[in-house]
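Values in this text are rule-based calculations from the coordinates and carry no lab data. Bear in mind that the values here come from a model prediction, so they are computed numbers and not experimental data. So basically every Cβ, Gly included, is an ideal-geometry build from the backbone, and we count neighbours across all protein chains shown.
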Amino acid sequence: MNEARFVELLNAYGAELSRWPDDDRGDAEAFLEVAPHRIKDIWESERAFDHLLALEKNGPASISLETRVLAASSTWRNLRRPVNAFGKWRMPQWLTGGALAASLALGFAVGYAGEPAQNSDADYASMLTVSGAGAGAMFFSAMNDPER
């Protein structure tokens with residue numbers, strides 16, 4: 001058994017070797033006898049943690065705790081209720097969904113209808129030129145500027 005396998009089993013089953021699988025228990029006991037100090041320290045801290053868990057394992061909840069939890073849950077439920085903004089007029093839920101679907105459809109229709117027609121020949125030509133002149137002509141005109 002190596003350190004990584006020992007730590008993996010220690011994390012899975014705790015420090016009590018009787019809870020470990022039978023195949024690994026003997027190897028773990030032998031490894032623990034010759035293990036470095038850091039592995040023994042990890043095992044000791046895991047034993048202390050297991051002891052703390054065993055102390056609180058079967059403790060029943062007190063009546064005051066149960067009362068506080070139940071009281072807090074009912075107020076929490078009251079806080080989560082939606083506010084009725086329309087007073088006594090209540091709108092059906094399908095109406096809200098229909099309004100959302102209609103606004104979505106209208107948005108798509110306006111988006112596609114407002115798209116301009118593409119003329120690929122004119123766009124390609126305007127991409128290759130800068131203000132009607134080629135990029136090279138613009139460069140040469142900047143070099144021959146008389147103000148410099």
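Tabulated results
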item: Every pair of residues 6+ apart whose Cβ atoms lie under 9 Å, when the first sits in segment 5-19 and is free of Cβ contacts under 8 Å to residues at least 24 places away in the same chain while the second is part of a loop (DSSP other than H, G, I, E, B); result: Leu9/Met1; Leu9/Trp20; Leu9/Pro21; Ala12/Trp20; Tyr13/Trp20; Tyr13/Pro21
item: Answer residue from segment 17-64, given it is outside any loop (DSSP other than H, G, I, E, B) and among the hydroxyl-bearing types (Ser, Thr, Tyr) and is surrounded by the most Cβ atoms within 10 Å (Cβ to Cβ) among those; result: Ser45
item: Residue list for segment 1-16, restricted to those being in a helix (DSSP H, G or I), within 18 Å of His51 (Cβ to Cβ) and in contact with a helix residue (DSSP H, G or I) (Cβ under 6 Å, 6 or more places away or on another chain); result: Leu10, Tyr13
